Amino acid sequence: MPSECLGYALFKDGRNTRLSYPLEKFHADVDWRSFHNGRFIQRMREKAATLPNVRLEQGTVTSLLEKNGTIRGVQYKTKDCQELRAYAPLAVVCDGCFSNLRHSPEENCELPFSNHGHVILADPSPILFYPISGTEVRCLVNVPGQKVPSIANGEIANYLKTMVAPQYLGLMQECVYFRFHLDAFIAAVDKGNIRTMANRSMPADPHPTPGALLMGDAFNMRHPLTGGGMTGALSDIVVLRDLLRPLHDLHDAASLTKYFESFYTLCKVTCGIYNKYLAGALYKVFSASPDEARKEMREACFDYLSLGGVFSTGPVALLAGLNPRPLSLDFFSMAIYGVGRLLLPFPSLRRMWTGARLISSASGIIFPIIKAEGVRQMFFPATVTATYRAPPVE
């Protein structure tokens, strides 16, 4: 069964704080769940297969079939290695991309705060734990670098035992919650049930192709630190559903391409896309750095969220996909809070210089994201013409 998730718990240097999802103003059926992704997808496939106008074909798509600049279908390989082709007026490209988090399910393990995702601000980058069933916890460890460590020669297992496990020991001394968690972690590593995947950061900058539509991680990708990938995917699906609803003929590829330009704009103002923005920004802030300004920003972010109330409600609502509003306001509030910490009670030249560099560092994180995604698309979507595309006339 999917595990109910009520919020996040942050851990840093022996301190912890709990951030709950602000669900008070929402209907009772609004909920947040963590689950086995594969099982969830399989259940959706089974549900789709029960519809009279759906036929499932399983295989690995190797290429899109293009003719005169228009996508006409796909070429795919079946389990028995047969190369087949399937044709359709519209191909939805949603194959996603690899995540750079390393997955290691831990069994028979309980987390300190039940029904919460746990983010440990470790060195060199954050570690995420979240329940995926009543007895299993998934651990996601980011391994910085250009090359994915090998499972076959034991590189990834060695990294987890030498880099991650010792930080567990530090937590054990400062936080009684993790005393028995280390054994489960080591057991999971020794069991060998580890997946390594490469991550990419790709802004939503589509190049519309007649006959094809990009969505999910194939369209826009950010760091999966917050575990909100499915939130973004389902949000994209809702946008696409609403655009497809008035259509009865998908064969006019040129008109559909123009119409679907609104999809790429609307996706940028949904809850899911802001979830991705914030995940990328938080990953950079929560990662360890020798730079003094970055250290101050990491500390300020933790303390700011620890204040609770209105200080944590905005960012957590974004993470949960509950509030599609620009994240820059919350992000700079954290930076300004950090500067205030430095200057009070008695400012000095060194602290003022560090505060200036902190603001500069925050700007260096958030402004490139805004530039890549588009200022108008993010903050003023109503001014983008593509938002108002009418369905093609049949």
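The values are calculated or read from the model by the stated rules, or taken from the named source; none is laboratory data. Note that the coordinates shown come from a computational prediction; the quantities given were computed from them, not determined experimentally. Cβ coordinates were reconstructed from backbone atoms using ideal geometry, including for glycine residues, and neighbour counts include every protein chain displayed. Protein only, heavy atoms only, side chains kept; ligands, DNA and RNA dropped before computing areas. Shrake-Rupley method; radii C 1.70, N 1.55, O 1.52, S 1.80 Å.
Results for (1) outside any loop (DSSP other than H, G, I, E, B); (2) at pLDDT below 85; (3) in contact with a His (Cβ under 7 Å, 6 or more places away or on another chain); (4) surrounded by 11 or more Cβ atoms within 10 Å (Cβ to Cβ), shown as yes or no for each residue.
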| position | (1), (2), (3), (4) |
| --- | --- |
| LYS25 | no, yes, no, no |
| ARG55 | no, no, no, no |
| VAL61 | yes, no, no, yes |
| GLU66 | yes, no, no, yes |
| TYR76 | yes, no, no, yes |
| PHE98 | no, yes, no, yes |
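Just to verify a result, which residue in region 332-352, among those that are over 30 Å from the mean Cα position of the chain (by Cα) and among the aliphatic types (A, V, I, L, M), is farthest from TYR304 (Cα to Cα)?
Checked region 332-352; the qualifying residue farthest from TYR304 (Cα to Cα) is LEU349.
Counting only residues that are open to solvent by less than 40 Å² (accessible area, probe 1.4 Å) and at pLDDT 75 or above, how many does region 160-189 have?
7
Restricting to region 306-353, give me the number of residues that are surrounded by 21 or more Cβ atoms within 10 Å (Cβ to Cβ) and at pLDDT 90 or above.
Looking only at that region, the number is 2.
Please specify each residue of region 248-273 satisfying the condition of being at pLDDT 80 or above, under 19 Å from GLY374 (Cβ atoms), outside any loop (DSSP other than H, G, I, E, B) and open to solvent by less than 20 Å² (accessible area, probe 1.4 Å).
SER262, PHE263
Is one or more of the residues making up region 9-26 without any contact (Cβ under 8 Å) to a residue 40 or more places away in the chain and in contact with a Ser or Thr (Cβ under 7 Å, 6 or more places away or on another chain)? Explain how you work it out, then say what you get.
Within region 9-26, the subset without any contact (Cβ under 8 Å) to a residue 40 or more places away in the chain is 24-25.
Of the ones still in play, those that are also in contact with a Ser or Thr (Cβ under 7 Å, 6 or more places away or on another chain) are none.
Checked against the condition, which is being without any contact (Cβ under 8 Å) to a residue 40 or more places away in the chain and in contact with a Ser or Thr (Cβ under 7 Å, 6 or more places away or on another chain), region 9-26 yields no hits at all.
Identify, by number, the condition in (1) at pLDDT below 75; (2) surrounded by 13 or more Cβ atoms within 10 Å (Cβ to Cβ) that ARG200 doesn't meet.
(2)
Looking at region 313-334, can you tell me whether even one residue there is touching a strand residue (DSSP E or B) at 6+ places or on another chain (Cβ under 6 Å), part of a helix (DSSP H, G or I) and not polar (S, T, N, Q)?
Yes, region 313-334 contains at least one residue that is touching a strand residue (DSSP E or B) at 6+ places or on another chain (Cβ under 6 Å), part of a helix (DSSP H, G or I) and not polar (S, T, N, Q).
Which condition from (1) part of a strand (DSSP E or B); (2) modelled with pLDDT under 90; (3) open to solvent by 80 Å² or more (accessible area, probe 1.4 Å) is the one that CYS81 breaks?
It fails just one condition, (1).
To keep it simple, each residue is scored yes or no on (1) surrounded by fewer than 15 Cβ atoms within 10 Å (Cβ to Cβ); (2) closer than 30 Å to LEU266 by Cβ; (3) touching a Phe, Trp or Tyr at 6+ places or on another chain (Cβ under 8 Å); (4) at pLDDT 75 or above.
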{"site": "VAL143", "(1), (2), (3), (4)": "no, no, yes, yes"}
{"site": "ALA157", "(1), (2), (3), (4)": "no, no, no, yes"}
{"site": "LYS191", "(1), (2), (3), (4)": "yes, no, no, yes"}
{"site": "PRO206", "(1), (2), (3), (4)": "no, yes, yes, no"}
{"site": "LEU213", "(1), (2), (3), (4)": "no, yes, yes, yes"}
{"site": "GLY216", "(1), (2), (3), (4)": "no, yes, no, no"}
{"site": "HIS223", "(1), (2), (3), (4)": "no, yes, yes, no"}
